[in-house]
1. At 1.002 mPa s and 20 °C, plugging the Kirkwood radius over alpha-carbon pairs of the range 95-170 into Stokes-Einstein gives what diffusion coefficient in µm²/s?
2. What list do you get for I87, I224 if you sort them by fewest beta carbons within 10 Å?
3. Whole-Hz Karplus ³J(HN,Hα) for the range 228-235, in order, using 6.51 cos²θ - 1.76 cosθ + 1.60 and θ = phi - 60°, x for Gly and Pro?
4. What list do you get for T96, T34 if you sort them by fewest beta carbons within 10 Å?
5. Given the C-alpha centroids of the range 190-204 and the range 19-82, what is the distance between them in whole angstrom?
6. Per residue, how big is the convex hull around the C-alpha atoms of the range 236-316? Give it to me in cubic angstrom, could you?
7. Net charge near V280, counting Lys/Arg +1 and Asp/Glu -1 over other residues with Cβ under 14 Å of its Cβ?
8. Using the number of other C-beta atoms within 10 angstrom as an exposure proxy, rank R291, R37 with the fewest first.
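Nothing in this text is a laboratory measurement; each read-out follows from the coordinates by a stated rule. Here the structure is a predicted model, which is why all the values come from computation and not from measurement. Here the Cβ positions follow ideal geometry from the backbone for every residue, glycine too, while neighbour counts run over all protein chains shown.
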Amino acid sequence: MNMITETKKAKFEVKTENYEVKIHPQSNRLYHITITREAIKGFLEKARNENFSVQHLEYTPYARHLVAAFLLEQVGEEFGNLLREIIHDRESGGFTLGLEGVTEDTDEYVIFATAISHLVGIPNFDAMTGKYYARFSVKDTDNSDSYLRQAYRLFTLHTDGTFVDEPTDWLLMMKMVEQNARGGESRLLHLDDWKELDKFMKHPLGNHRFTYKAPSSKNVDQEIERLTFFDYNNKPGMCFIDQFVYPESIEQAKYLRDLSSSMENDESLIELKLPIGNLVVLNNIFWLHGRAAFEKDPNLYRELMRQRGRFNKNAI
């Protein structure tokens, strides 16, 4: 794995009365944030006292910002700036954190994750569920039209938002429930760690606009043309998913196949273990993500939540 310099490693490490930020034990690219149980309890109690249910968050968009304010009341106003600085930082761009076992109520998971997402930016409308977030399950059997729910297939590395015409700057994934699951780790690759990035970026097809189309389950009826590589603050950004890109020739198909294979086999790929009640937030411009296959089990069940969206222009 490519290592970050000692100076960069320590950039966001901090310990306060209410939370601690450390380099993630599985990756020098990521940070792990631990919020004290007392602060989490205070946050959840405030949400309950204000009657901020999941339905209220779904129906009342400004309430989502208010739960973010509830969290800042418990941990300090600087916490929001810290999250935004990490997610914008090219050397990192990602963090994990969780509820520290304070609750197992999945509605409270949604409320907590909503507070985190609204400190990072603004979630997009998720057409798959008709909400600002999506909850979906992975189990032994599946008849869906994508690899998202298919447990025993490798879910290849990709970025989100390839087939919609709105910015998808960041991604939040939270593990809600898990039973009889072996395997299925989150697979992550930072664009700057990909050994063959230059090879594919400088290829003649590296600046070709490919067509992306969503399957019916996504409830998105449009075609989008996307550059695979683009400039992002004078460094490479990427937009790619192998399932929904429509090449127009054998040459293009081979390029896309080789690109995907190169990333899947890169030595810097991380397989992240995410406990129940924990979430990971990634910069979707320069992090790719996927999922390892599960081991076969007829009683397998995992439920995840996803939020993804744009940066708030007023934030950083």
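1. Using the Kirkwood radius from Cα pairs, D works out to 144 µm²/s.
2. Ranking I87, I224 by Cβ neighbours within 10 Å, fewest first, gives I224, I87.
3. Taking θ as phi minus 60°, the curve returns 5, 10, 8, 7, 9, 6, 6, 9 Hz for the range 228-235.
4. The fewest-first ordering by Cβ neighbours comes to T34, T96.
5. After rounding, the separation between the Cα centres reads 36 Å.
6. 184 Å³
7. Neighbour charge sum, excluding V280 itself: +4.
8. Numbers: R291 25, R37 12.
Ordered by Cβ neighbours within 10 Å, fewest first: R37, R291.
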